[in-house]
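Every number here is computed from the coordinates shown, using simple stated rules; none is lab data. What you are looking at is a predicted structure, and each value in this text was computed from that prediction instead of being measured. Here the Cβ is made from the backbone with ideal geometry for all residues, glycine too, and neighbour counts use every protein chain on show.
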Amino acid sequence: MLIKHQALATTLTHKLYAMNILIGHDPYLLNDAALQVKKTWLCQAETDEKTLNCNTTSDWTLLIEEANSYSLFAKQTLLNVYLDKKTIEKPGKEVLNHYLEHINPHCLIILRAPQIPIKQLQWLANHDNVLIVQAFPLTAAALQSWIASELKHRSIHHDSAIPALIHQYTQGNMLACAQIIEKLALIYEENNVLTSQHVIPHLTDQCDYQLYELADACLAAQIEKAVHLLRQACHNRQEPTLILWLITQEIRQMIQLLHKIKQSIPFTMACSQLNIWPQRARLYQAASTRFSLDKLYQLLHLSKQLDEQIKSNQNNQIWHGLEYLAILFCSSTN
């Protein structure tokens with residue numbers, strides 16, 4: 001069975017699976033998923049817990065041995081298995097298949113495989129004794145919904161603006177978000193309503209953006225987010241050359257896209273020809289209505305000036321220049 005992290009709690013109320021495979025790139029959600037499965041299993045009986053790293057053939061062999069061994073002091077076993085590779089190789093597949101044909105009902109396996117793509121697990125997705133949990137970073141809307149749910153779970157009454165406020169300071173950082181909620185739970189006084197005035201003193205900028213999000217922010221005309229990303233990149237001493245290259249690539253991509261649209265090439269076909277992923281096509285479609293080719297060439301000229309500034313070591317104002325470029329990219333209109 002394949003589910004998203006959000007559905008795990010409900011799923012565990014109906015059934016515990018012999019093998020639980022956790023995939024995705026959000027460390028907090030991966031750990032939370034493992035804790036939920038573990039907690040449900042530990043409620044059943046005394047448990048002997050073991051940890052294995054499965055990266056070689058001998059490691060997989062040891063997994064079978066441990067899964068079928070019995071403890072002298074506990075009625076059941078929990079195996080925490082870690083796989084750091086991007087693929088499950090043949091020895092691993094053989095071991096997993098063998099175990100699923102001869103399951104030890106007194107053993108539960110939690111396999112953390114953050115690098116494994118879901119396509120490589122299709123052969124397990126429909127198995128009656130396998131649960132695959134996807135723990136990918138939440139969208140802004142989903143994260144705000146999660147914050148509201150966590151506050152409700154702790155019986156914290158709050159203004160409607162609080163989830164968005166917490167999200168504003170913790171975007172891309174689920175761990176920091178969870179820690180703030182725990183902190184608020186400690187200071188919250190029963191039957192009071194949590195307001196921005198209560199929350200703001202406990203907030204600091206703990207956002208953890210990926211650089212590719214800067215391109216998306218520019219295409220989506222999210223000026224505040226783009227500037228925030230750039231200032232964080234400056235604070236983290238990212239290379240301005242890399243930032244400029246990232247923005248310039250998107251400007252060039254938009255120029256090529258508008259040329260194809262002017263040639264009456266259907267938008268979907270134009271995206272395909274430019275290798276624009278379907279999930280990003282909407283960003284480009286919205287951006288294409290804001291730009292003229294003249295405006296884009298002006299942005300490209302500004303990019304060239306910033307590149308010359310970097311190469312001449314005149315870097316004093318380079319981050320201000322990058323912010324100016326990003327703001328123009330976000331706000332350009334035909």
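What are the radius of gyration and Dmax of the chain, computed over its Cα atoms and given in Å?
Cα radius of gyration and Dmax of the chain are 24.8, 77 Å respectively.
Against the 2.2 N^0.38 Å scaling, with N counting residues, where does the stretch 191-334 land? I'd like the Cα-based Rg ratio to two decimal places.
Values: Rg = 17.7 Å, N = 144, 2.2 N^0.38 = 14.5 Å.
Expressed relative to 2.2 N^0.38 Å, the Cα Rg reads 1.22.
If packing is taken as the average count of other Cβ atoms within 10 Å, what order do 87-95, 9-17 fall into, highest mean first? Working shown, then result.
On the way: 87-95: 15.7, 9-17: 13.0.
Ranked by mean Cβ neighbours within 10 Å, highest first: 87-95, 9-17.
To the nearest 10 degrees, how steep is helix 140-153 against the longest Cα principal axis of the chain, on a 0 to 90 scale?
That works out to roughly 40 degrees.
Which order, highest average first, do 274-285, 112-123 follow once you tally other Cβ atoms within 10 Å for each residue and take the mean per peptide? The partial results should precede the final answer.
Working: 274-285: 13.4, 112-123: 15.2.
In descending order of packing, they fall as 112-123, 274-285.
How far, in degrees from 0 to 90, does helix 90-101 lean away from the longest principal axis of the Cα atoms of the chain, to the nearest 10?
The helix 90-101 is inclined about 50 degrees to the chain.
Mean separation of Cα pairs under 8 Å and 6+ residues apart, divided by the residue count of the chain: what relative contact order is that in percent?
Working: 433 pairs, mean separation 54.6, N = 334.
16 percent.
Rounded to the nearest Å, what's the spacing between the alpha carbon centres of the stretch 312-330 and the stretch 1-75? Just the number, please.
49
With angles folded into 0 to 90 degrees, how steeply does helix 278-288 sit against the dominant principal axis of the chain? Use alpha carbons for both and round to 10.
Helix 278-288 sits roughly 20 degrees off the main axis of the chain.
How high is the relative contact order of the stretch 92-237, in percent, with contacts defined as C-alpha pairs under 8 Å that are six or more residues apart? Let's see the in-between values first.
Details: 85 pairs, mean separation 26.7, N = 146.
Across the stretch 92-237, relative contact order equals 18 percent.
What dipole magnitude, in Debye to the nearest 20, does the chain give about its Cα centre under +1 on Lys/Arg Cβ and -1 on Asp/Glu Cβ? Present the calculation step by step, with values, prior to reporting the outcome.
Details: 27 positive and 29 negative charges, 206 e Å.
In debye, rounded to 20, the chain gives about 980.
Semi-axes of the equivalent ellipsoid for the stretch 140-202, please: Cα gyration tensor eigenvalues, times 5, square-rooted, ordered largest first, whole Å.
On the way: eigenvalues 58, 27, 24 Å².
Over the Cα atoms of the stretch 140-202, the ellipsoid semi-axes are 17, 12, 11 Å.
Which one of 287, 331, 299 has its Cα pushed farthest toward the positive end of the charge dipole of the stretch 279-334, where Lys and Arg give +1 and Asp and Glu give -1 at the Cβ?
Most positive-ward Cα: 287.
So how do 102-111, 36-45 stack up, highest first, on mean other-Cβ count within 10 Å? Walk me through the numbers on the way to the answer.
Numbers: 102-111: 18.7, 36-45: 15.0.
Per-residue Cβ counts within 10 Å, averaged per peptide and sorted highest first, yield 102-111, 36-45.
For each pair in 39/119; 4/50; 262/295; 152/225; 86/119; 90/119, compute the distance between the two Cα atoms and list the pairs where it is over 18 Å.
Working: 39/119 29 Å; 4/50 26 Å; 262/295 15 Å; 152/225 28 Å; 86/119 11 Å; 90/119 16 Å.
The pairs that break the limit, which is 18 Å between Cα atoms, are 39/119; 4/50; 152/225.
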